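Since the structure comes first, as structure tokens, the remarks are kept for the end.
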Amino acid sequence: MSRFILILTWLCVSTVNALESTNIRITHSLIYDAHKANISQQTVDNIVRIFSWRIDFNRDLRKGDRFVIVGKKNTAPSALIYISGKKRIGVFSYVDKYGRFGYYDVNGKTLYPTFLKAPLKYRRISSEFQPQRFHPILKTYLFHGGVDYVANTGTPVYAVADGVIKHRKRMGGFGKYVHITHGSNYATIYAHLSRYASGLKRSSKVKKGQVIGYVGSTGRSTGPHLHYELHYKGKRRNPLKWSLPQRKSVAKSDLARFQNRAKSILRKL
């Protein structure tokens, strides 16, 4: 294991000493322009996975924006940097003491945040995630793909992580609901709201802990509560049991060296 870590660390450091980089300059789309620049699909997938926490790839990319991939071809990049006008978002490779390889910003933190455990202050849980639940209105057994949190009407509901609002509208039995995407893999749904937070609309960016609406009983509901769903890669997951993302940081003992390397890469671009 220690030899593996030393090899990866050597690769990261050696790339700084002899900096090589490739640019993806946006003219049409990331996928089109990456293919034109002979960038591997794996690297494109990593760019989307990492930067989706800060960039809405459908709306934020502009002609002339650049993604800089630092490192030799056929090796894991030492850095991935997005440049748009004066805006710059960079992540840099780091291998922790367990041999886990990841990307961290110049402050030594991952771009993905720690998720809130629950999206509101609630009194109790009336229904958990379960394959068969007797629906009190439809009078039949149905899959219940979320958690129902009982709270008073008007109780604030919070976004559990940074994200982008995909939908904010009435949706059948959900009543007034909000659908938020978080990065490229996660999404959350908040249903039966009495009203929405002001100023929010489709494509609005939200921060973790930001109020997005208020508890209600719209749609098919027997009383005020929040129906909350967690989706991962398009599938519903149990919010009470799923292992939620936890922001990681570079070890304090490595932080100064990591930041010096990151700043050296930025200077040499």
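Things worth noting here:
- In terms of packing, defined here as the mean over residues of other Cβ atoms within 10 angstrom, the peptides 183-189, 233-239 line up highest first as 183-189, 233-239.
- What you get for the chain, charging only the Cβ of Lys and Arg (+1) and of Asp and Glu (-1), is a dipole of about 420 debye around the Cα centre.
- Applying 1/(1 + (r/R0)^6) with r as the Cβ-Cβ distance of LYS166 and THR114 and R0 = 30 angstrom yields a FRET efficiency of 0.90.
- Based on Cα contacts under 8 Å between residues 6+ apart, the range 124-237 shows a relative contact order of 30 percent.
- Placing dummy labels 7 Å off each Cα toward the beta-carbon, the span from ASP45 to ARG202 is 3.0 nm.
- Stretch gain in nm, segment SER29-LEU255, where the contour uses 0.36 nm per residue and the Cα spacing is subtracted: 77.9 nm
- FRET efficiency, LYS63 to THR222 (Cβ-Cβ, R0 51 Å, nearest 0.05): 0.50
- Integer Hz, Karplus 6.51/-1.76/1.60 couplings in order for the range 59-76, x for Gly and Pro: 10, 8, 5, 10, 4, x, 4, 10, 10, 9, 9, 9, x, 6, 5, 6, 10, 5
- Note on the range 124-237: Rg/Rh from C-alpha atoms, Kirkwood Rh, equals 0.95.
- Within a Gaussian network of the chain (alpha carbon springs, distance under 10 Å), most fluctuating of ASN58, ASN23, ASN46: ASN58
- Taking other C-beta atoms within 10 angstrom as a stand-in for reagent exposure, THR114, THR222 fall in the order THR222, THR114, fewest first.
- Candidate cross-link partners of LYS241 among the aspartates and glutamates, defined by an alpha-carbon separation under 15 Å and a same-chain spacing of 8 or more, comprise GLU128, ASP148, GLU229.
- Taking other C-beta atoms within 10 Å as the exposure proxy, LEU80, LEU61 rank LEU61, LEU80 from fewest upward.
- Fewest-first ordering of VAL48, VAL178, VAL147, VAL68 by other beta carbons within 10 Å of each residue's beta carbon gives VAL48, VAL68, VAL147, VAL178.
- Label separation (ASN38 vs SER84): 2.9 nm, computed from points 7 Å beyond Cα along the C-beta direction.
- Near-label residues of the range 143-178 by backbone N, under 12 Å of a point 7 Å along Cα→Cβ of ARG124: 150-151
- Put simply, when 213-220, 259-266, 200-207 are sorted by average Cβ atoms within 10 angstrom per residue, most first, you get 213-220, 259-266, 200-207.
- Available extension along the chain between GLN210 and LYS263 is 15.9 nm, counting 0.36 nm per residue and deducting the alpha carbon span.
- Here Rg and Dmax of the Cα atoms in Å was calculated from the structure, and among (1) 21.7, 68; (2) 24.0, 76; (3) 17.7, 52 it sits at label (1).
- Using C-alpha pairs below 8 Å separated by at least 6 residues, the relative contact order for the chain is 17 percent.
- C-alpha center-to-center spacing [the range 96-124, the range 160-234] in angstrom: 21
- Proximal lysines to LYS87, defined as alpha-carbon separation beneath 21 angstrom and excluding residues fewer than eight positions away on the same chain: LYS63, LYS109, LYS205, LYS207, LYS263, LYS268
Values quoted throughout were computed directly from the atomic coordinates according to the rules given, and no laboratory measurement underlies them. Just so it is clear, the model here is predicted, and its values are computed rather than measured. Methodologically, a virtual Cβ is constructed for each residue, glycine included, from the backbone with ideal geometry; neighbour enumeration extends over all protein chains shown.
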